[in-house]
1. Fully extended, how many nm does the chain gain between Ser160 and Asn118 (0.36 nm per residue separation, minus their Cα-Cα distance)?
2. Within 10 Å of each candidate Cβ there may be at most 10 other Cβ atoms; applying that plus a DSSP loop requirement, which GluC sites (Glu not before Pro) in region 1-91 survive?
3. How would you rank Asp5, Asp77, going from fewest to most other Cβ atoms within 10 Å of each one's own Cβ?
4. Please list, short to long, the whole-number percent of alpha-carbon pairs of region 92-171 in consecutive 10 angstrom bins beginning at zero.
5. If you stretched the chain out fully between Arg69 and Ala36, how much longer would it get, using 0.36 nm times the residue separation minus the C-alpha to C-alpha distance?
6. Relative contact order (percent) for region 3-72, with alpha-carbon contacts under 8 angstrom and 6 or more residues of separation?
7. What's the exposure ranking of Ser88, Ser51, Ser22, going from fewest to most Cβ atoms within 10 Å?
8. Just the Cα atoms of region 3-72: what Rg and Dmax do they give in Å?
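No value in this document is a laboratory result; all are computed from the given coordinates. Remember, it's a predicted structure, so these values are computed and weren't measured experimentally. Cβ placement follows ideal geometry from the backbone for every residue including glycine, while neighbour counts extend to all protein chains displayed.
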Amino acid sequence: MNTLDAKRVLETALICAMQPMSVKDMGVLFAQEVGADTLKTLLAQIQDDWSNKGVELVEVASGWRFQSRASMRFYLDRLHPEKPPKYSRAVLETLAIIAHRQPVTRAEMEDIRGVTINSLVIKQLEERGWVEVIGHKETVGRPSLFATTKHFLDDLGLHSIEELKSEDLGLQAQAALAQFDAMHEPHDDTSLVGEASHGGAPDGVEAAPEGLPMVDEQIGPVLQQQALDQKTEQAPH
């Protein structure tokens, strides 16, 4: 297979893929006849080909995918005029603590927040695919150690957790996840949604833990677009 044909096949696979494609997956696509270095060269060429279009090829934690550009947000927002549900402060703070302090035990999270964390909060974050148990701490009781997943990073359009920490996005990033979740199929999991009309936390938390930012009512434009892109990135272009 010549380079032009390989590029066409790879581009088609990326556009049609339901999930980000890893370089390993791309190797399977070509029956291992195209090496990793060649694939990376082809990816760079495809990125360049799409540089002046409304969608772009980007690398996230679990692989490569097409997504709409931030400049398209103004128009795409018209397709989703409804406001997303607001997650409770307890959920946002728990997720933020895991993202910034991972790996971390539940007891350590509770020490930071200053209140007991409902086990249902962590369970539902696991069901969302945003956090997972990666091991156990070698101490009394061997408590579970929690960390964020590649799926969590994919939903934010990030390649690594260091990007989240370096930008110091904190709970603003978690707010973007709320919008991402709202733009997917409906669910009746109201226990993850806060009482936005009261602006408070169900467990009585009045402020964010020390060292973590307050919950922001406004989602950062970049993160908001990344959340919105999840709805449109897989559509044929």
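1. Fully extending the segment from Ser160 to Asn118 adds 12.3 nm.
2. Sites meeting the loop and neighbour criteria: Glu33, Glu82.
3. Values: Asp5 9, Asp77 12.
Ordered from fewest to most neighbouring Cβ atoms within 10 Å, Asp5, Asp77 come out as Asp5, Asp77.
4. Distribution as computed: 18, 54, 26, 2 percent.
5. Values: separation 33, 0.36 × 33 = 11.88 nm, distance 2.67 nm.
Net length gain for the segment: 9.2 nm.
6. On the way: 60 pairs, mean separation 23.1, N = 70.
About 33 percent, as a whole number.
7. Neighbour counts put them in this order, fewest first: Ser51, Ser22, Ser88.
8. Values for region 3-72 (Cα only, Rg and Dmax): 11.6, 37 Å.
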